[in-house]
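Each value in this text was obtained by applying a stated rule to the coordinates, not by laboratory testing. The shown structure was predicted, so the numbers you read here are calculated from the model rather than taken from an experiment. Note that we place each Cβ from the backbone using ideal geometry, even for glycine, and neighbour counts take in every protein chain shown.
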2 protein chains.
Amino acid sequence: MEQHREHHKPRESCASCASCELCAEAGGELLWADEHCRVVRVGGDEGRAFPGFCRVIWQSHVREMTDLDAGQRAHLMSVVFAVESLLRQHCQPAPDKINLASLGNLTPHVHWHVIPRWQDDSHFPAPIWAAANKTASRHAHRQIQPTIDSAVLRQALGKRLASS
Amino acid sequence: MEQHREHHKPRESCASCASCELCAEAGGELLWADEHCRVVRVGGDEGRAFPGFCRVIWQSHVREMTDLDAGQRAHLMSVVFAVESLLRQHCQPAPDKINLASLGNLTPHVHWHVIPRWQDDSHFPAPIWAAANKTASRHAHRQIQPTIDSAVLRQALGKRLASS
């Protein structure tokens, strides 16, 4: 792992990076980044189903949180919690719950899912990885479609994390 | 929320605690605790399906990570990462991946799932909340049944977290 920790951008010579989608691509709409980690907003079907769904991705190819040192972990979690805080502040309406998860079974490159949840979303109260428990039509006709502006989130993250 | 943050044990007068299972019960086999949080090993069907599955539970009834202050969050995460580290060290064989998650949609009382995963478990590489992707018989006949001794974990946690 040591060689992966040393670099922040994929190397063509690195076998893990060559097959890792989070080494090859941003993984979403870039909202904030420093040399250690980046925040992206999830797009596509997942982003439509779960408005405001963001990921916080470690820049280099590291497998587990405990492969990072304590300072690196603290920095990454401070970004995760900044995203949680700003999603609670800026999503309209405010989320009923925030879900946080670092799984990485398919893509073992440290990344955190930060997912605003609403009681009328397609899966609530189940995790988003479970089967949907509402019909598409019932979900599509939720009373208030949650909104969150990427530009607002980008600006707020820049301000919140300026000194981190 | 302030009144909930102040106390570490359920109060009969507290409406949230009265209906919260993590206020009412330990939530598993107690492995370690301080005044702020506790580590339990998950039992029952979940524990059998996912050997070594632990939860780290904030003692008082707080909804979101960002309802804790930065020092409280750092303490809780240091315990989560200690559990991850010790599961990696003491599970036999070593897990193929560790999954971390703070969801709380059903039980909005801050708690972290720390789940060792193996490629031959019933759900891998899907999250444990998704549908199983292996038949029961194929899962039951995994080549090596993972083992982790609660006494070993309890002792290691005590040693690791003695100075936290």
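Listed here are the residues, each with its yes/no results for (1) over 30 Å from B:A94 (Cβ atoms); (2) free of Cβ contacts under 8 Å to residues at least 40 places away in the same chain.
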{"residue": "A:A101", "(1), (2)": "no, yes"}
{"residue": "A:G104", "(1), (2)": "no, no"}
{"residue": "A:P108", "(1), (2)": "no, no"}
{"residue": "A:S122", "(1), (2)": "yes, no"}
{"residue": "A:T135", "(1), (2)": "yes, yes"}
{"residue": "A:S150", "(1), (2)": "yes, no"}
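Looking at the range B:116-127, is at least one residue under 28 Å from B:C17 (Cβ atoms), within 16 Å of the chain's Cα centre (by Cα) and buried (at least 18 other Cβ atoms within 10 Å of the Cβ)? Let's see the steps before the verdict.
Residues of the range B:116-127 that are under 28 Å from B:C17 (Cβ atoms), as a first pass: none.
No.
Filter the range B:78-102 down to the residues that are in contact with a Lys or Arg (Cβ under 7 Å, 6 or more places away or on another chain), at the interface with chain A (Cβ under 7 Å from one of its Cβ atoms) and of a type in the set (A, V, I, L, M, F, W, C) and list them by number.
Matches in the range B:78-102: B:F81, B:I98.
Anything in the range B:52-85 that is of a type in the set (K, R) and without any contact (Cβ under 8 Å) to a residue 24 or more places away in the chain? List them, or say none.
B:R73
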